[in-house]
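Below is one structure, written out as structure tokens; the observations come after it.
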Amino acid sequence: MVVVLKAVFKMSEDQAHRVMMTAHQREACVVAVYTKDIAETRASEGTEFGHAHGFPLHFTTEPEE
């Protein structure tokens, strides 16, 4: 998962590891906040990249509350 976060969301190794651990422990987490178009693109890219590398990841978008 770290490789996906670094490649698609441009995170550092440490940041990607923290996000990965949060997602693992809570089964979901906020990865980043973007405008709607960018968020949808990154979510799609992250899901596709993850599946291509054997990770059962699914990124989704939600409006900010």
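The values are calculated or read from the model by the stated rules, or taken from the named source; none is laboratory data. Predicted model, so just to flag it, every value in this text is computed and none were measured. Don't worry about glycine lacking a Cβ; one is built from the backbone with ideal geometry, like all the others, and counts go over all protein chains shown.
Observations on the model:
- Region 36-65 residues that are on the phi > 0 side of the Ramachandran plot, paired with ones that are outside any loop (DSSP other than H, G, I, E, B) and at pLDDT 95 or above (beta carbon under 6 Å, 6 or more apart): none
- When the residues of region 11-35 are filtered to those that are among the β-branched types (Val, Ile, Thr) and free of Cβ contacts under 8 Å to residues at least 12 places away in the same chain, the one that is surrounded by the fewest Cβ atoms within 10 Å (Cβ to Cβ) is Thr35.
- Those residues of region 1-30 which are out of contact with any helix residue (DSSP H, G or I) (no Cβ under 6 Å at 6 or more places or on another chain) and within 16 Å of Glu64 (Cα to Cα), in sequence order: Ala28, Val30
- Condition check for Glu64: out of contact with any Cys (no Cβ under 8 Å at 6 or more places or on another chain), more than 15 Å from Val4 (Cα to Cα), of a type in the set (Asp, Glu) and part of a loop (DSSP other than H, G, I, E, B): yes
- Scanning region 44-65 for residues that are among the small types (Gly, Ala, Ser) and either within 9 Å of Val8 (Cβ to Cβ) or over 13 Å from the mean Cα position of the chain (by Cα) (or both) yields Gly46, Gly50, Ala52, Gly54.
- Test: Ala43 is in contact with a Lys or Arg (Cβ under 9 Å, 6 or more places away or on another chain), buried (at least 16 other Cβ atoms within 10 Å of the Cβ) and not β-branched (Val, Ile, Thr): no
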